[in-house]
Amino acid sequence: MIRLSVISIRAGGYPDGLRAHPLLAETAAKMLRAEHGKRIIDSFTTRAGGRIICIVTSDDKTGSLGDEITAACRKTADEIGLNAGAGYEQVDLLIEERDDEEVLVFLTAGAPPHALTPVLCRTCADHFIMPGLRRDPVTAAGFHLRTETGETFALPAESCALLQAVDEGALITAVVRSDGTPAASAGSGPDPVMILRTGKGFPPTVETLGVAAGEGLLPVSLCDMTPVCKKIACLGFSMAKGMLIGPADLYDDPAFMCQR
């Protein structure tokens, strides 16, 4: 099993936290490179709005790595005169790799904690706008969506109960297939991030991109993630033995211009 982790760090930005400083990204990337072959298998570091994003693969839990990177980034922020941020959030997904493992990492900026709940509901449970779900016998069997408080809804049978819970403020943080295979994991704080497996046995990649771009979040490329409004970016990876292949900046595409 491979653990895919996304560590989203708010450790100091400019001006007023709108853009993470490149020196902070360099600090995080350097720390992660030193851990390759030790605590982690592979990593990718980038900036998304006011946050540093570290995408990490490992054989097991990464321990205090998130705390260590955040502390180092805060130290760098202090050295260059930036106000330190408010910490970090980490999202994990355990993956038993397929031969063609495909993973999407969604990042948001200027978005509230519940921003990705409609995306998960649509991409994993709406067979009307996601025809690929009903064509694949594995996904046609449905998914189980779990809320932040631990309540689980088996779909499609409990679709109405799920929608009622979402209307009352439920926040979806995890999705598994009906056979128990992990499919997605999402954060529960501001500017949430999400990991979603796609392809055979999971939601189709292209359909997922279209649905996620139509849930009240502006689809933009990674370089346009300044949080002046609610935005979403998507990085696409392939995985092989824990190594990250990519990413592709999937909303950096004229196809999504009409939604901007």
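From the C-alpha coordinates alone, can you work out the Kirkwood hydrodynamic radius of the stretch 126-260, in Å? Mean inverse Cα-Cα distance, inverted, gives 16.1 Å. Once C-alpha pairs closer than 8 Å and six or more residues apart are averaged by separation and normalised to the residue number of the stretch 25-151, the relative contact order reads 16 percent. Here the stretch 17-47 is scanned for amide nitrogen atoms under 11 Å from the site 7 Å beyond the Cα of Glu68 along Cα-to-Cβ, giving 31-36, 38-40. Shown is the FRET efficiency for Arg33 and Arg134, computed with R0 = 41 Å from the Cβ-Cβ distance and rounded to the nearest 0.05: 0.40. For the stretch 1-135, a Kirkwood hydrodynamic radius built from all Cα pairs, placed in the Stokes-Einstein relation at 37 °C and 0.692 mPa s, yields a translational diffusion coefficient of 202 µm²/s. With Cα atoms as the point set, the chain shows a radius of gyration and Dmax of 17.7, 55 Å. Across the stretch 1-95, Cα pairs under 8 Å and at least six residues apart give a relative contact order of 47 percent.
Values quoted throughout were computed directly from the atomic coordinates according to the rules given, and no laboratory measurement underlies them. Quick caveat: nothing in here was measured; it's all calculated off a predicted structure. Using ideal geometry, Cβ is built from the backbone for each residue, glycine included, and neighbour counts are taken over all protein chains shown.
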